[in-house]
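Peer 1: So that we are looking at the same thing, I have put the structure below in structure tokens.
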Amino acid sequence: MSVRKGLPARWIGAALAMAVALTPTGAYAGGGDTAGSGDIGSGQQSKGTRQGKNLGIETRVRTTVEGGPKSAKTGMLTPANSNWDPPACWYEPAYAPKEIEATVKAIRQVKMLGIGDIVGGVFDSYFKEGKPYKDYNLDKQGEGKFWAAAVDEKRKDEPEAKACDRLPFWVEDGKPPKEPLALTPRILAEYAYSQLPVPDTAIEMAPEDETKVNLPTWVWLDKARFKKVSVTASLPGTGLSATTTAEPVSLRIEPGTGDAATYPVSGECPIEDGRIGTPRAKGTPADTDPPCGVRYLRSSADGSYALRATLTWEVSWTSTNGQGGDLPAGEFGTTQDVVVREVQSVNR
């Protein structure tokens with residue numbers, strides 16, 4: 001957004017912040033005037049916000065979880081592909097023409113040093129004076145919405161959250177916006193990815209607390225805790241909805257030292273018969289190699305080794321319009337200390 005020469009950027013932000021506080025709640029409604037549920041652009045009320053020097057909204061996207069872990073300890077997936085992240089911001093239906101008009105009027109009510117009139121003039125040029133919109137599109141009331149930027153609250157301080165820097169733009173009901181970050185089932189699915197709660201990757205081990213040099217240590221996961229989990233993200237009143245599902249597929253073991261061997265050699269323990277690893281049965285000879293585990297070759301002396309166990313989850317999505325597919329695999333891991341002692345010999 002361009003501003004008049006000489007106007008400090010901090011004043012624009014202050015004026016917008018005051019305007020959001022001054023404007024009645026109804027002026028920030030995201031819907032109520034648009035007929036036809038399921039059309040892009042229709043919807044329920046939403047609240048306006050300030051996005052930097054821009055006008056945005058608090059997202060109306062809602063999420064529900066199915067199959068989430070009952071454990072109090074949960075985490076969020078980190079994409080295995082370091083070049084991909086779920087969106088930190090997007091655009092969604094926000095303002096009807098009358099609401100944009102009310103918002104600009106509220107900005108003009110900020111009388112401090114004339115900031116309201118200056119900033120209001122900038123927005124009037126955009127929304128009222130034909131650059132590019134005329135008279136706030138009041139003649140199109142009920143036919144569409146101005147879409148505005150919304151930010152994932154958990155990521156609002158990240159640089160990626162500033163990618164949605166467009167002023168609100170007009171979209172007719174039923175027509176997809178020509179904007180890569182406009183809310184679609186795919187973006188909903190990617191947002192749902194960032195909301196997936198997965199259980200803490202707490203592994204079971206045998207021996208449990210302390211192991212010995214060259215003694216195979218068995219590793220496995222509690223089968224009941226690691227099941228698929230889904231999050232559905234939807235925008236009420238628009239028909240836009242997507243469900244993202246994560247399912248555990250393998251466990252990677254990193255012993256915390258180069259003086260160790262893993263089972264299998266790759267350190268990747270796959271799911272077999274619905275479980276990862278196998279509990280060591282009573283009576284199993286101590287030198288039996290486990291299907292999933294580690295063997296330390298050197299003592300940890302007075303300390304311990306930080307064994308890291310990382311669970312990989314395959315992620316896919318579906319939507320109400322039939323679209324769907326795969327998303328990058330996700331990972332979540334934890335570290336636990338392992339004490340390794342030398343085998344004591346007995347002198348006779």
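The values are calculated or read from the model by the stated rules, or taken from the named source; none is laboratory data. Please read these numbers as outputs of a predicted model, since none were measured by experiment. Neighbour counts are summed over all protein chains in view; Cβ atoms, including those assigned to glycine, are modelled from backbone coordinates with ideal geometry. In case anyone asks, the SASA skips ligands and DNA or RNA and just uses the protein heavy atoms, side chains included. Shrake-Rupley method; radii C 1.70, N 1.55, O 1.52, S 1.80 Å.
Peer 1: In cubic angstrom, how much convex hull volume per residue do the alpha carbon atoms of region 267-333 span?
Peer 2: Convex hull volume per residue, Cα atoms: 144 Å³.
Peer 1: Taking region 225-269 on its own, what percent of its Cα-Cα pair distances exceed 11 Å?
Peer 2: Values: 740 of 990 pairs.
When all Cα pairs of region 225-269 are counted, 75 percent exceed 11 Å.
Peer 1: Of all accessible surface on region 161-276 at a 1.4 Å probe, what whole percent is carbon and sulfur?
Peer 2: Reported share for carbon and sulfur atoms: 49 percent.
Peer 1: Debye sum, Cα scatterers, region 136-225, no solvent: what log₁₀ I/I(0) at q = 0.11, 0.13, 0.16, 0.17 1/Å?
Peer 2: Log-scaled intensity ratios, in q order: -0.58, -0.67, -0.83, -0.88.
Peer 1: At 1.4 Å probe size, with the rest of the protein present, what percent of the exposed accessible area of region 299-348 is carbon and sulfur atoms?
Peer 2: So the carbon and sulfur contribution to the accessible surface is 43 percent.
Peer 1: Straight-line reach from Lys111: which aspartates and glutamates have a Cα under 20 Å away, not including same-chain ones fewer than 8 places off?
Peer 2: Cross-link targets: Glu101, Asp124.
Peer 1: For region 106-174 and region 195-256, write down the distance between their C-alpha centroids in whole Å.
Peer 2: Here the answer is 43 Å between Cα centres.
Peer 1: Which lysines, if any, have their Cα less than 23 Å from the Cα of Lys282, not counting same-chain residues under 8 positions apart?
Peer 2: Lys212, Lys223
Peer 1: Moving on. As an exercise, use a Förster radius of 25 Å and the Cβ-Cβ distance of Lys70 and Ala206 to find the FRET efficiency, rounded to the nearest 0.05.
Peer 2: 0.55
Peer 1: Right, something else. Along the principal axes of its C-alpha atoms, what lengths does region 90-192 span, in descending order and rounded to whole Å?
Peer 2: On the principal axes, region 90-192 reaches 42, 33, 18 Å in Cα extent.
Peer 1: Could I ask something else about it? How large is the Rg to Rh ratio of region 73-125 when both quantities use alpha carbon positions and Rh follows Kirkwood?
Peer 2: Dividing the radius of gyration by the Kirkwood radius yields 1.33.
Peer 1: If you don't mind, there's one more thing I want to ask. Could you pull the Rg and Dmax for region 143-186, using just the Cα atoms, both in Å?
Peer 2: According to the Cα coordinates of region 143-186, Rg and Dmax are 11.7, 35 Å.
Peer 1: At R0 = 45 Å, how high is the FRET efficiency between Arg341 and Glu153 if r is their beta carbon distance? Nearest 0.05 is fine. Spell out each step's value before the answer.
Peer 2: Numbers: r = 48 Å, r/R0 = 1.06.
Calculated transfer efficiency: 0.40.
Peer 1: Against the globular-protein guess of 2.2 N^0.38 Å, express the Cα radius of gyration of region 171-221 as a ratio, rounded to two decimals.
Peer 2: In units of the globular-protein estimate, region 171-221 measures up at 2.40.
Peer 1: Which percent of Cα pairs goes in each bin when the distances of region 227-316 are cut into 5 angstrom slices starting at zero?
Peer 2: Values per bin, smallest distances first: 3, 11, 16, 15, 15, 11, 8, 6, 5, 4, 3, 2, 0.
Peer 1: Please work out the average accessible area per residue across region 103-246, using the 1.4 Å probe convention, and give it in Å².
Peer 2: On a per-residue basis, 44 Å².
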